[in-house]
1. Give me the extension gain from L12 to F108: residue separation times 0.36 nm, minus the current Cα-Cα distance, reported in nm with one decimal.
2. For K167, go through the lysines and keep the ones whose alpha-carbon is under 19 Å away, minus same-chain ones fewer than eight residues off.
3. Treat every Asp and Glu Cβ in the chain as -1 and every Lys and Arg Cβ as +1, leave all other atoms uncharged, and give the resulting dipole magnitude about the Cα centre to the nearest 20 debye.
4. Within 10 Å of each residue's Cβ, count the other Cβ atoms and sort W137, W172, W55, W151 from fewest upward.
5. Can you run the Rg to Rh ratio on the range 119-158? Use alpha carbon positions and the Kirkwood inverse-distance Rh.
6. Where does the chain land on Rg(C-alpha)/(2.2 N^0.38 Å)?
Amino acid sequence: MNQLLNRLLLFLTGATTFTVINYSFDFVLYPFALYKLGVVVGFFTMMLLSFLFCWGYFIIYDYLKRDFLGIEFSKEKMSSIIASEDSVGLKLLLVRVLRKSRALLFVFLSIYFDPFVAVAFERKGNFAYNGLSARDWRLFILSLIISNGFWSTTVFAGLSFFEFLYKILLSWWNG
């Protein structure tokens, strides 16, 4: 029971910290950088910062040798789901998709989470904490491009929409 409680507290602390940092990065810093620096310079600036943040996560993750985000636990469960022969319903659909395309999962993790989560999930071995191999570095760079490309496009579209609304409201107000 004590080990389960420690694991749960570690996960809650890690996930909360990770979420606060990522939301601040994605919803505050990213729009600010694109707005102030422009799309191209802002994109490359944020991609560099994203690289540094995610690489820092790997350094901390491997140094602590603790699964503070539940990634290793999820990999273990995912492996057992994929290997399962008795799947039905939604679980069967998930098994079929994952057996056919780990790339789809990788893109989803890159977009929905970040390059750290996507690559940590794709690293070989569970609970290994063994640094990044050459394959992991290639996946890391690919995930950075996917993640930042998607996020820059989304933020730019959102900023453009709000700028458009602002101009319409301003012209209406000034009449």
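1. 32.3 nm
2. Here the lysines satisfying the reach criterion relative to K167 are K36.
3. Approximately 320 debye in magnitude.
4. Going from least to most buried by this count: W172, W137, W55, W151.
5. My calculation of the ratio gives 1.16.
6. The chain yields a ratio of 1.25.
Every number here is computed from the coordinates shown, using simple stated rules; none is lab data. Everything numeric here is computed off the predicted structure, so don't read it as measured data. Here Cβ is always computed from backbone atoms with ideal geometry, including for glycine, and neighbour counts include all displayed protein chains.
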